[in-house]
1. Please verify whether A:HIS45 is assigned to a helix (DSSP H, G or I) and modelled with pLDDT of 90 or more, treating the condition exactly as stated.
2. For the stretch A:13-25, which residues satisfy the criterion of being assigned to a helix (DSSP H, G or I) and either in contact with a Cys (Cβ under 9 Å, 6 or more places away or on another chain) or surrounded by 15 or more Cβ atoms within 10 Å (Cβ to Cβ) (or both)?
3. Scan the stretch A:3-49 for residues that are among the polar types (S, T, N, Q) and farther than 16 Å from A:SER65 by Cβ and jot them down.
4. Taking the options B:GLU243, B:GLU234, B:GLU201, name whichever one is closer than 24 Å to A:ARG21 by Cβ and among the charged types (D, E, K, R).
5. With B:GLY62, B:GLY98 as the choices, which residue is modelled with pLDDT under 90, over 22 Å from B:GLY186 (Cα atoms) and more than 10 Å from every other protein chain (Cβ to nearest Cβ)?
6. Go through (1) modelled with pLDDT under 80; (2) within 8 Å of chain A (Cβ to nearest Cβ) for B:ASN180 and report which single condition fails.
7. Return yes when B:LEU223 is more than 29 Å from B:ASN102 (Cβ to Cβ), at the interface with chain A (Cβ under 9 Å from one of its Cβ atoms) and either of a type in the set (A, V, I, L, M, F, W, C) or touching a residue at least 40 places away in the same chain (Cβ under 8 Å) (or both) and no when it is not.
8. How about the stretch B:47-153: which strands (runs of 3 or more DSSP E) wholly inside it have at least 2 residues that are without any contact (Cβ under 8 Å) to a residue 24 or more places away in the chain?
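The values are calculated or read from the model by the stated rules, or taken from the named source; none is laboratory data. Nothing here was measured: the structure is a model prediction, and the numbers come from that model. Counting neighbours? That spans all protein chains shown, and the Cβs are built from the backbone with ideal geometry, glycine included.
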Amino acid sequence: MTIFKKKIRVDAILSQHLVFRDAVSDLFDYIKNMNVTKVVLDFSHVKSISRSFAQEYLHQLDKQSIKIKEVNMSLQLKKMFRSVKKAHRKSSPLNLNDIKELSIQDIIKQKND
Amino acid sequence: MNEEDSKRLLKGLITGLSGNIDVENNKNLDNILPFWYKNKLIGNFEKNDLIRECILKADQNGYHVYNYNRGFVIVVSFPKNEMKIRTHLLDRFFESIGDENNYGGKNALQYLVSELVDNIYQHSHFSHAYLGVEQFDDFFYVCVCDDGVTIRESLRKVQPNIKTGRDALLKALQGVSSKNKERGWGLSSVINIARNGYHAEILVASSDGALWMKDDSQKIFNLEDESYPGTLLEFHMTLPLKEVDIYDYI
């Protein structure tokens, strides 16, 4: 079996800032259309990544039949992928025991006072 | 979106960006944001006009920057779908913001903006959506708003028993997602970074629920018939921002 291998710069296909969850599909669609069996994804010029993108990337990566190798990931990117992989509990930024509810009348009264 | 809703959305962005309170014309938002107004020292009618012009230009071109001697205003008007255009607009925004060291260190501001804008595309099905940023001396303001499906309506798809915007906001900040159980980190992690990392004053308004937070204080509002016709998130920060490691908060 012939193995075709190609290197792709992620920033050239998407952006230096990997933001949108639905951009992950664009990346993998691009790879599929190359008709290769192995791909090297080069993250060298990627400056930032959203959690949403990282989570969707890992989710779709699992489903790929093409062998994909990632290279040149910055420490920040590696940390984000690690963070998504190890996530098991969501923390709330709210203190739910100390939340006061106001009606619009309360707000107007407070404002007038 | 009817004309009245459109005006309110625009007023929301203008009011937040400019800090200007025109009580007559911004009655609804004046009610929503009573705690902010007293803190705002900047803003005047001339500036309100300036912000309005920035938004109109962003609506035409997708993006508008106004630089002046004490700061800048950036407004991004997002397209409904086109991936290349929205990616280009955000790239341009990150490039314009420049030195990331002013804004909490590597990736902090990018993370905050990226998650909020992606959320809009994932959930809101908007007609209009904006990212607005203003820096004025040591005042730094970020606003993301849309006129789409509210948090309440989005979460009702998976939790039909949610009745109010207040309940929906609380659920969203506890990580409940309208998509699946593995998702729902975006909003809560952003608020966590802004509140505990940036020590920002935060307002989230969506349908009839609104939530205000600053340091240890938090208040939730039932806006009743003064509902916001979409979702609005605002963050007020004071520069310089100390370095924030986002991985402490996500």
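1. Details: assigned to a helix (DSSP H, G or I): no; modelled with pLDDT of 90 or more: yes.
Considered against the rule, which asks whether it is assigned to a helix (DSSP H, G or I) and modelled with pLDDT of 90 or more, A:HIS45 comes out as no.
2. A:ALA23, A:VAL24
3. Kept after step one, since they are among the polar types (S, T, N, Q), are these residues of the stretch A:3-49: A:15-16, A:25, A:33, A:35, A:37, A:44, A:48.
Within the stretch A:3-49, A:SER15, A:GLN16, A:SER44, A:SER48 meet the criteria.
4. Details: B:GLU243 fails: closer than 24 Å to A:ARG21 by Cβ; B:GLU201 fails: closer than 24 Å to A:ARG21 by Cβ.
Being closer than 24 Å to A:ARG21 by Cβ and among the charged types (D, E, K, R) holds for just one of B:GLU243, B:GLU234, B:GLU201, which is B:GLU234.
5. Details: B:GLY62 fails: modelled with pLDDT under 90.
Exactly one residue qualifies, and that residue is B:GLY98.
6. (2)
7. Considered against the rule, which asks whether it is more than 29 Å from B:ASN102 (Cβ to Cβ), at the interface with chain A (Cβ under 9 Å from one of its Cβ atoms) and either of a type in the set (A, V, I, L, M, F, W, C) or touching a residue at least 40 places away in the same chain (Cβ under 8 Å) (or both), B:LEU223 comes out as yes.
8. Details: elements: B:63-68, B:71-77, B:129-136, B:139-146.
In the stretch B:47-153, B:63-68 are the strands (runs of 3 or more DSSP E) which contain 2 or more residues that are without any contact (Cβ under 8 Å) to a residue 24 or more places away in the chain.
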